[in-house]
1. Could you work out how far the C-alpha centroid of the stretch 63-130 sits from that of the stretch 6-60, in angstrom?
2. Under a Cβ-only charge scheme (Lys and Arg +1, Asp and Glu -1), can you give me the dipole magnitude of the stretch 80-162 about the Cα centre, in debye to the nearest 20?
3. Please count, across the stretch 1-56, the pairs of lysine residues with Cα atoms under 26 Å apart that sit 8 or more places apart or on different chains.
4. Might you report the magnitude of the Cβ-based charge dipole of the chain about its Cα centre, with Lys and Arg at +1 and Asp and Glu at -1, to the nearest 20 debye?
5. Let's test the formula: R0 of 45 Å, r as the Cβ-Cβ distance of E11 and L118. What FRET efficiency results, to the nearest 0.05?
6. Just add up the charged neighbours of E126: K/R +1, D/E -1, any other residue whose Cβ is under 14 Å from the Cβ of E126.
7. Go through the stretch 1-76 and name the GluC sites (Glu not before Pro) that are in a DSSP coil and have 10 or fewer other Cβ atoms within 10 Å of their Cβ.
8. Please go through the stretch 60-157 and write out the GluC sites (Glu not before Pro) that DSSP classes as loop and that have at most 16 other C-beta atoms within 10 Å.
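Just so you know, all these numbers are worked out from the coordinates, no wet-lab data involved. Everything quoted here is computed from the prediction, not taken from an experiment. Virtual Cβ from ideal backbone geometry, glycine too; neighbours counted across all protein chains shown.
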Amino acid sequence: MGDKKIDSLKEKHMQFAKSTNNRVWDLLEKAGRSDADDQEMLLTAYASLYHWMNAGTAVNTQRGFWMLSRVYQVLNQGEAALEWAIKCQEITENNLAEMIDFDLAFAREALARAYAMLNNLEKANENYSLAADLGKKIEDPEDQQIFLKNFDSGDWYHFSPE
């Protein structure tokens, strides 16, 4: 009976992880977000990460770190964006066997964007180049399209790659 309860709890965490993750995406893509939307987006990103960490894998946690970095970028909080981008890269490097090419590219994209936001052009350029190269190597066409759509859009904070 104890194992069933644990499985049930893990399943609930998985359900909440998916629903909160989707809600963050809805808010990220919402035009004309209000301050209340921004607050919900941030809190929901943390909730999503919490549930992924209790139900998912290192890949889910990595993507949760990426999402928090993106949310902080959208909220113009560069130091926090960088903090979560670094965590994203660290978990990526420490769990390479679990990651797919898509995850490697997104981890570098988060670092590039956070460094660009903080006007650290050398590190922004280094990570931008790595992200671009990794993005070209994404084998699945749909995954590559998702990455490139993200990579080619959004705010790069007046950063121009060399």
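1. If you average the Cα positions of each part, the centres end up 18 Å apart.
2. 260 debye
3. Close lysine pairs found across the stretch 1-56: 5.
4. Numbers: 17 positive and 27 negative charges, 102 e Å.
So the magnitude is around 500 debye.
5. On the way: r = 40 Å, r/R0 = 0.88.
So the FRET efficiency works out to roughly 0.70.
6. Details: positive: R108, R113, K123; negative: E109, E122, D133, E162.
That works out to -1.
7. Details: sites: E11, E29, E40; in loops: E29.
Hits after loop and neighbour filter: E29.
8. Numbers: sites: E79, E83, E90, E93, E98, E109, E122, E126, E139, E142; in loops: E98, E139.
Within the stretch 60-157, the qualifying GluC sites (Glu not before Pro) (loop, at most 16 other Cβ atoms within 10 Å) are E98, E139.
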